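The values are calculated or read from the model by the stated rules, or taken from the named source; none is laboratory data. Please read all numbers here as calculations on a predicted model, not as lab measurements. Neighbour counts are summed over all protein chains in view; Cβ atoms, including those assigned to glycine, are modelled from backbone coordinates with ideal geometry.
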2 protein chains.
Amino acid sequence: MTVQRLSPEILGAIESAIGQNGIAADPAGMAKYLGDWAGDYRGQALAVLRPASVAEVQAVTRLCSELGLGVVPQGGNTGLVSGAIDTKGGGLIVVSLERLNAIRQIDPDNFTLRADAGCVLQTIKDACEARDCLFPLALGAQGSCQIGGNAATNAGGVNVLRYGMARDLILGLEVVLADGELWNGFSGLRKNNSGYDLKQLFIGSEGTLGIITGVEVKLFPKPAKTETAYLGLASFEAAIALFNRARRDCSDLISAFEIIGSECIDLVRLIDPAMRAPVSAPVQVLIALSSGPGIDLDALLAAFLGDAMKKGLVSDAVLATSSAQEKSFWAIREGLVEGQAKRGYHVRTDLSVRIPDIPALIEQARRFVANYHPGWIPLAYGHAGDGNIHFNVLPPAELAEHEARARGADVVAGLYEIAVGLGGSISAEHGIGRSRRKEFWAGLSPTHRRMVTALKNAFDPNGLMNPGCLLPARETIA
Amino acid sequence: MTVQRLSPEILGAIESAIGQNGIAADPAGMAKYLGDWAGDYRGQALAVLRPASVAEVQAVTRLCSELGLGVVPQGGNTGLVSGAIDTKGGGLIVVSLERLNAIRQIDPDNFTLRADAGCVLQTIKDACEARDCLFPLALGAQGSCQIGGNAATNAGGVNVLRYGMARDLILGLEVVLADGELWNGFSGLRKNNSGYDLKQLFIGSEGTLGIITGVEVKLFPKPAKTETAYLGLASFEAAIALFNRARRDCSDLISAFEIIGSECIDLVRLIDPAMRAPVSAPVQVLIALSSGPGIDLDALLAAFLGDAMKKGLVSDAVLATSSAQEKSFWAIREGLVEGQAKRGYHVRTDLSVRIPDIPALIEQARRFVANYHPGWIPLAYGHAGDGNIHFNVLPPAELAEHEARARGADVVAGLYEIAVGLGGSISAEHGIGRSRRKEFWAGLSPTHRRMVTALKNAFDPNGLMNPGCLLPARETIA
């Protein structure tokens, strides 16, 4: 039975646990917590709670457990799959981690950092930079997203190729479990092979097994040098061949290998009409290398590109000669995301396939859009080095939004089918949340479903952690 | 109730599932499966089963599940913590994966490989090399250990610093669950953020949640260049300072940073009396860098070491000028392990602490041995870049083995106490198995224990997967 509103008694109990300042139960106070960053989803909640300490997160969770109230843990609300927005209005409590936002410790000699879950990613990156270290997680939302959310969603971004996803960067977690108990999984150790690695359960679990309150991450030396080039290529096949050569010829120094279909460039001009890509080829690649001080990175990249041009893989190459030029290359890549947001509603995917299958994925997806949704504008770009393509589709400008949304669902379904047909994934990095739950669940084997359900039941037996996210709602679980 | 022997009916059922060739139930046939590589443990079993296909592993597991018989999955039997040897004789069935030993697929364009669990690590490394790729997992036992065992124990080794432990190298698993069902967790995708990452449960779970039958791993370009140096330093503090400088100055190109206390060198001479360390300083470091073709790695290492000598961090440095010399450096590091084995029983640990705490760990451990166990010979060496020290102790030569073993337990307890006192781990890479279970379990918080137990119960409700390993035996679980 869905609770419709909190009684004064319950509100009183919450207030005595976390203070009046920690509660928003009126529509105005809740509004900013009930809509996502991209503007795709609006949700509801019985109340938004803002605990200011780990003990307060425990108190709130214990109370909700006792009352049988479902909890939606929320970070910076920059996710794209409605993981922290209850669109169904299932009578849930949002628990925002935003007041738990301190960096607890930086240890540059051990190359580790420990922070509260609500600490904004950019704040962490800046603090590391000030200590001559690098925390490499890098994504468009880094000025708003929080490290706890990054952990809970196993965030990806543009540096995955070199440094891995959030999972690969996390050394330890601190988690409030469904019954309010606290698990301290911090150690500061780079290597610790002692029994089940429990932090792995929570990374990428999207708040369905517990509430992450603290994160310990690995740091890296701040690169002394970066070299960036913007390349023009004839085809996606050439881009994949180039990537394979780059892996072999540029050691492990490639920090980004982003692919952009030239059709995306028009969109960038929505942000800045004066912006031009430095090349005009049908497929464009942004490649970045970084290293410590003793390597002639400039020569390495120049030699690699010279050879690639000789082999006919690359038709045009512009090497950034200043950090301003480097930024201008990245502005094109980032402008893509902003440009799409400016266009309002659009189909957004996050597909992955085996790296050699990227050209087939893009070709099949383009053909599908042209044949079945003429007038819609396909955009292909993404993290090619990870096999991850954001194949997005803009509705025709003249289409009313509600019509576009209705039609968009068919477009998504067709694109998912193509990725799955190639043995790929419908979620390379954005996660499942609520918006992809049905398709995700439908694609699992019965054995896989049973395993997911067993894990959920083991850690959240009453189904109160982020109900409706990732797994089907409690009552429909076998 | 412990079963003492299998009835003819049960043996008949097993035989019809996997054929007579798949069963050894007599002492002679079982012997090689009931002792470990290092010669530390002897165990018992009702029978040793050798299924030759995934379907046969399923059949065997299903049968054991129906009969309530506990199963010990076994790989190359090179583990050091009695994880695959039932020393207590608890009436268990050993399931050896050795006949499941094919490489299923190498995909150099996607930089992935898929193999049966029983495939020997060296076989995989050789197959990759032949396709111009590198599978970087590297450990002393690589000629015997199997990839399934590497996954089940989250194996470490000498390349962890650059490439991570087995967990970091695994893209997918195939697992037979406790009830005999098969979970196919293969995808070939470099990036797939779709719900709980179930493979993480099984990696490092030491066979207590299921039997791994197949492993999919990430490959890397084969390095074109390797540079190795053997260094002499005045202290462990200097070694840690050097490592920090190396991380910053040599980019991510360090593939090994091994530390050796000079007292270890005598031991190496047990293998080859003519062997001499190239330097005679109290602390010795083996550093290796590797890269692709376009980097002047030789100059990078020489410049780094020149600077380190100027700063007084390094007193002697010998750069390998041939691959024979490089091999001779590694022969010292590897001779250490063989030398200890030649001495027979000795105390073996696998401690980790925060990297800056390594000197304190070694100093406290040495003082402890000198004060409480005079005459015992402490050896300090290990993977300093991972914070992982193998602080081993040889009993006095004149001590009878049974006395040495009795006393050795006290030595181990004292060393564990020192590591834990520094916030460290008693198992950096070797795992828990049966031999460290008591100390491991005693060190866990009640919350952590409940989580471990919940996970075990969710995937192995009848407690039949590797009973007695990692967790307390079933009947004592709360």
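A single member of A:ALA138, A:ALA115, A:ALA130 is buried (at least 23 other Cβ atoms within 10 Å of the Cβ), assigned by TED's automatic domain parsing to the domain that holds A:LYS199 and not aromatic (Phe, Trp, Tyr), and it is A:ALA115. Of all the listed residues (A:ASN392, A:ASN462), the sole one being touching a strand residue (DSSP E or B) at 6+ places or on another chain (Cβ under 8 Å), of a type in the set (S, T, N, Q) and not assigned by TED's automatic domain parsing to the domain that holds A:GLY70 is A:ASN392.
The set of residues in the range A:436-458 being crowded, with 23+ Cβ neighbours inside 10 Å and small (Gly, Ala, Ser) is empty.
Scanning the range A:37-55 for residues that are of a type in the set (A, V, I, L, M, F, W, C) and part of a strand (DSSP E or B), which turns out surrounded by the most Cβ atoms within 10 Å (Cβ to Cβ)?
Of all residues in the range A:37-55, those of a type in the set (A, V, I, L, M, F, W, C) come to A:37-38, A:45-49, A:52, A:54-55.
Now restrict to residues that are part of a strand (DSSP E or B): A:47-49.
On the way: A:ALA47: 22, A:VAL48: 22, A:LEU49: 27.
Ranking the qualifying residues of the range A:37-55, first place goes to A:LEU49.
Screening B:GLY172 with (1) crowded, with 21+ Cβ neighbours inside 10 Å; (2) away from chain A (no Cβ under 11 Å) gives one miss only, at (1).
Filter the range A:149-164 down to the residues that are more than 7 Å from chain B (Cβ to nearest Cβ), closer than 20 Å to B:LEU201 by Cα and not hydroxyl-bearing (Ser, Thr, Tyr), then identify the one that is surrounded by the fewest Cβ atoms within 10 Å (Cβ to Cβ). Here the answer is A:GLY164. Applying the condition of being buried (at least 18 other Cβ atoms within 10 Å of the Cβ) and either facing chain B (nearest Cβ under 7 Å) or among the hydroxyl-bearing types (Ser, Thr, Tyr) (or both) to the range A:459-478 and asking which residue is nearest to B:ARG450 (Cα to Cα) yields A:PHE459.
Each residue in the range B:325-340 was checked for being surrounded by fewer than 17 Cβ atoms within 10 Å (Cβ to Cβ) and within 30 Å of B:GLU403 (Cα to Cα), and 2 pass.
A residue that is within 12 Å of chain B (Cβ to nearest Cβ) and touching a helix residue (DSSP H, G or I) at 6+ places or on another chain (Cβ under 7 Å) cannot be found anywhere in the range A:393-413. Somewhere in the range B:437-448, is a residue facing chain A (nearest Cβ under 8 Å), part of a helix (DSSP H, G or I) and over 27 Å from B:LEU137 (Cα atoms)? Looking for residues that are facing chain A (nearest Cβ under 8 Å), part of a helix (DSSP H, G or I) and over 27 Å from B:LEU137 (Cα atoms), one finds at least one in the range B:437-448, hence yes.
Among the residues of the range B:233-245, is any over 22 Å from B:HIS390 (Cα atoms) and touching a residue at least 60 places away in the same chain (Cβ under 8 Å)? Spell out how you get there, then give the answer.
Residues of the range B:233-245 that are over 22 Å from B:HIS390 (Cα atoms), as a first pass: B:245.
Next, from what is left, pick out any that are touching a residue at least 60 places away in the same chain (Cβ under 8 Å): B:245.
The answer is yes, given that some residue of the range B:233-245 is over 22 Å from B:HIS390 (Cα atoms) and touching a residue at least 60 places away in the same chain (Cβ under 8 Å).
One residue is enough: does the range A:356-363 have a residue meeting the conditions in the same structural domain as A:LEU233 (by TED's automatic domain parsing), farther than 24 Å from A:LEU270 by Cα and either touching an Asp or Glu at 6+ places or on another chain (Cβ under 8 Å) or without any contact (Cβ under 8 Å) to a residue 24 or more places away in the chain (or both)? Among the residues of the range A:356-363, not one is in the same structural domain as A:LEU233 (by TED's automatic domain parsing), farther than 24 Å from A:LEU270 by Cα and either touching an Asp or Glu at 6+ places or on another chain (Cβ under 8 Å) or without any contact (Cβ under 8 Å) to a residue 24 or more places away in the chain (or both), which makes the answer no. Within the range A:20-42, residues that are more than 26 Å from A:LEU63 (Cα to Cα) reach partners that are of a type in the set (Gly, Ala, Ser) and part of a loop (DSSP other than H, G, I, E, B) with beta carbons closer than 7 Å, at six or more positions or on different chains, in the pairs A:ASP36/A:GLY79; A:ASP36/A:SER82; A:TRP37/A:ALA141; A:TRP37/A:SER144; A:TYR41/A:SER82.
Within the range A:206-225, being closer than 23 Å to B:GLY164 by Cβ, part of a loop (DSSP other than H, G, I, E, B), of a type outside the set (Lys, Arg) and within 9 Å of chain B (Cβ to nearest Cβ) holds for one residue alone: A:PRO223.
Got at least one residue in the range B:271-282 being touching a Pro at 6+ places or on another chain (Cβ under 8 Å), of a type in the set (Val, Ile, Thr) and more than 18 Å from B:ARG247 (Cβ to Cβ)? Steps first, answer last, please.
Pass one, the range B:271-282, residues touching a Pro at 6+ places or on another chain (Cβ under 8 Å): none.
No, there is no match, as no residue in the range B:271-282 is touching a Pro at 6+ places or on another chain (Cβ under 8 Å), of a type in the set (Val, Ile, Thr) and more than 18 Å from B:ARG247 (Cβ to Cβ).
Against the condition touching a Leu at 6+ places or on another chain (Cβ under 8 Å) and in a strand (DSSP E or B), how does B:GLN58 come out, does it pass? So B:GLN58 does not fit the description; no. The residues on offer are A:HIS430, A:HIS373, A:HIS390, and the sole one that is buried (at least 19 other Cβ atoms within 10 Å of the Cβ) and under 30 Å from A:LEU182 (Cβ atoms) is A:HIS430.
The numbered conditions (1) more than 17 Å from B:PHE257 (Cβ to Cβ); (2) modelled with pLDDT of 95 or more are all true for B:SER280 except (2).
Check the range B:412-421 and report whether any residue there is surrounded by fewer than 21 Cβ atoms within 10 Å (Cβ to Cβ) and either among the basic types (Lys, Arg) or in a loop (DSSP other than H, G, I, E, B) (or both). Checking the range B:412-421: not a single residue is surrounded by fewer than 21 Cβ atoms within 10 Å (Cβ to Cβ) and either among the basic types (Lys, Arg) or in a loop (DSSP other than H, G, I, E, B) (or both).
When B:CYS250 is tested against (1) more than 21 Å from B:LEU139 (Cα to Cα); (2) surrounded by 17 or more Cβ atoms within 10 Å (Cβ to Cβ); (3) touching a residue at least 60 places away in the same chain (Cβ under 8 Å); (4) of a type outside the set (Gly, Ala, Ser), exactly one condition is not met: (3). Considering A:VAL279, A:VAL215, A:VAL285, the condition of being surrounded by fewer than 24 Cβ atoms within 10 Å (Cβ to Cβ) and touching a Gly at 6+ places or on another chain (Cβ under 9 Å) is satisfied by A:VAL279 alone.
Do we have B:THR208 as in contact (Cβ under 8 Å) with a residue 60 or more places away in the chain, closer than 30 Å to B:LEU455 by Cβ and not hydrophobic (A, V, I, L, M, F, W, C) here?
Working: in contact (Cβ under 8 Å) with a residue 60 or more places away in the chain: yes; closer than 30 Å to B:LEU455 by Cβ: yes; not hydrophobic (A, V, I, L, M, F, W, C): yes.
Considered against the rule, which asks whether it is in contact (Cβ under 8 Å) with a residue 60 or more places away in the chain, closer than 30 Å to B:LEU455 by Cβ and not hydrophobic (A, V, I, L, M, F, W, C), B:THR208 comes out as yes.
The C-beta contact set for the range B:167-184 (first residue outside the structural domain of B:ALA152 (by TED's automatic domain parsing) and modelled with pLDDT under 95, second residue among the hydrophobic types (A, V, I, L, M, F, W, C) and not in a strand (DSSP E or B), distance under 9 angstrom, 6+ apart or interchain) is empty.
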